[in-house]
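The values are calculated or read from the model by the stated rules, or taken from the named source; none is laboratory data. Since this is a predicted model, take the numbers as computed values, not measurements. Heads up, the Cβs are rebuilt from the backbone with ideal geometry, glycines too, and the neighbour counts pull from every protein chain shown.
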Amino acid sequence: MKNIKIIICLLFVSAFAKAQQLQSYIDEAENNNPEIQAFELRYNIAEEKVNEANWLPNTEVSAGYFVSEPETRVGAQRARIGVKQMLPWFGTISARENYATSMAEAEYVEITIAKRKLALSVAQSYYRLYETRAKQKVLDENIQLLKTYERLALTSVEVGKASAVDVLRLQIRQNELQQQKEVLEEEFNSEQTTFNNLLNRDENSTVEIVATMEIPEDDPTYGTDALSLNPELLKYDKLYESIAQSELLNQRESLPMIGFGVDYLPVTERSDVNFSDNGKDVLMPMVSVSIPIFNNRYKSISRQNELRQQEIETQKSQRLNVLESAFAKAISQRNQARIKFNTQTMNLKQAKDAEQILIKNYETGTIDFNDVLDIQELQLKFQMNQIESVQMYYVQQSIINYLIQ
């Protein structure tokens, strides 16, 4: 899995450059985010434990001096020096390394999950920034439209076809839109700080946002089977495998251990006799076996491993239910966003038609500026709803991508 680079394309737009812009931010976040770095360090530690697993019990070295030297045929024994090394049963070290490797793989899945969650957070923050900027652009357009109406109203006042109240109402409406724009700017600055913190860079760094985003004509079709590849579920598979390796290690450790050693006893030469082996030192090779006769500990560990695997299976089943519910909800809300967008598009077209009627009425001298304000307010409402629908569509699509890619 280490050699697989997970590419999450969260922005479904017609121009590839726009998708790459968001992907570049995601890549930057993955490279700089402290949380990801912490997960990678944990993985490095887990990898190092594979090397740690290749160990043997400590070599035992003993030494003793005879206060009262025992006499033997070849002389008195003065001291005793011994060295012994216990060795685990065949395959125990390999089982230990396999267990450490399985734990490292489980840690790597955690990195994958963290990266996907980070990518989701970056994408959603990006879409919120787009929503704010798009709304500000719409407010600018409506402010300019109101200024045009204001000039028409001033002209009408001069010829006695409108009152100064109409002009003031148009100006008040402009002030309200300007206020909304300034409030959105504050929201943008706050969200931009959040976005830059996700990338672990200066909070005042400029974020480039696409000018327009559109809902694609067709939605990608997914099945719930794709959820099986979600790292949140793969994590349980890796944990299950690590417990299986732990049980294999437990079985190996329940086997006997073999020890090899040697004892050396220096002997003092006898002065009262003279023969060939007089004062010959003693060298005694030894073999020992450590047998786990009272092995209730290993039986208990096996039972614990069995219960832990059952626990992981139930946890995976529960997590799958949660992911399926989140997937269904995201699909539903994405479809709702498309429905709302299409409805607002129709409403906006009809509002513009009404606006054209008002303009033609002005040419005949029968314009009603109350109607002008009502139509302008409706247009603004429909435009804002359109932007929110686009933002909702892509946010839900990013959640879908997180769940299945």
Inside segment 14-129, counting only strands (runs of 3 or more DSSP E) that do not spill past its ends, which hold 1 or more residues that are surrounded by 15 or more Cβ atoms within 10 Å (Cβ to Cβ) and over 41 Å from the mean Cα position of the chain (by Cα)? 75-77, 79-87
Please pick out the residue among T155, T148 that is more than 19 Å from A351 (Cβ to Cβ), in a helix (DSSP H, G or I) and among the β-branched types (V, I, T). T155
Subset of segment 202-252 [part of a loop (DSSP other than H, G, I, E, B) and of a type in the set (D, E)]: D202, E203, E208, E214, E217, D218, D219
Scan segment 276-294 residue by residue and report those that are modelled with pLDDT of 80 or more and either polar (S, T, N, Q) or surrounded by 12 or more Cβ atoms within 10 Å (Cβ to Cβ) (or both). K280, D281, V282, M286, S288, S290, P292
Residue check: is I357 more than 30 Å from L255 (Cα to Cα), in a helix (DSSP H, G or I), in contact (Cβ under 8 Å) with a residue 24 or more places away in the chain and among the β-branched types (V, I, T)? no
Write out, first by first residue and then by second, each pair whose Cβ atoms fall under 7 Å of each other, whose residues are 6+ apart or on separate chains, and whose first residue, in segment 373-391, is free of Cβ contacts under 8 Å to residues at least 12 places away in the same chain and closer than 19 Å to N175 by Cβ while the second is not basic (K, R) and not in a helix (DSSP H, G or I). none
For segment 163-205, name all the residues that are closer than 21 Å to Q379 by Cβ and either touching a residue at least 40 places away in the same chain (Cβ under 8 Å) or in contact with a His (Cβ under 6 Å, 6 or more places away or on another chain) (or both). D166, R169, L170, R173, L177, Q180, K181, L184
Looking at segment 263-298 only, could you name the residues that are part of a loop (DSSP other than H, G, I, E, B), touching a residue at least 40 places away in the same chain (Cβ under 8 Å) and either in contact with a Phe, Trp or Tyr (Cβ under 8 Å, 6 or more places away or on another chain) or closer than 26 Å to G82 by Cα (or both)? P266, E269, R270, D277, N278, G279, K280
So which pairs qualify, if the first residue must be in segment 51-78 and on the phi > 0 side of the Ramachandran plot, the second must be in a loop (DSSP other than H, G, I, E, B), the Cβ gap must be under 7 Å, and the two must be at least 6 apart or on different chains? G75/E269; G75/R270; G75/N278; G75/G279
Among the residues of segment 253-262, is any in a helix (DSSP H, G or I) and crowded, with 18+ Cβ neighbours inside 10 Å? yes
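So that you can scan it fast, the table gives a plain yes or no per residue for (1) more than 21 Å from L177 (Cα to Cα); (2) modelled with pLDDT under 95; (3) in contact with a Cys (Cβ under 7 Å, 6 or more places away or on another chain):
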| site | (1), (2), (3) |
| --- | --- |
| A337 | yes, no, no |
| D353 | yes, yes, no |
| I357 | yes, yes, no |
| I367 | yes, yes, no |
| N370 | no, yes, no |
| E388 | no, no, no |
| I400 | yes, yes, no |
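Can you go through K2, K49 and tell me which one is of a type in the set (K, R), at pLDDT 90 or above, over 30 Å from L283 (Cβ atoms) and touching a helix residue (DSSP H, G or I) at 6+ places or on another chain (Cβ under 8 Å)?
K49
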Scanning segment 216-235 for residues that are of a type outside the set (D, E, K, R) and crowded, with 20+ Cβ neighbours inside 10 Å gives N230, P231
Within segment 175-204, how many residues are in contact with a helix residue (DSSP H, G or I) (Cβ under 7 Å, 6 or more places away or on another chain), surrounded by fewer than 18 Cβ atoms within 10 Å (Cβ to Cβ) and over 17 Å from T132 (Cα atoms)? 4
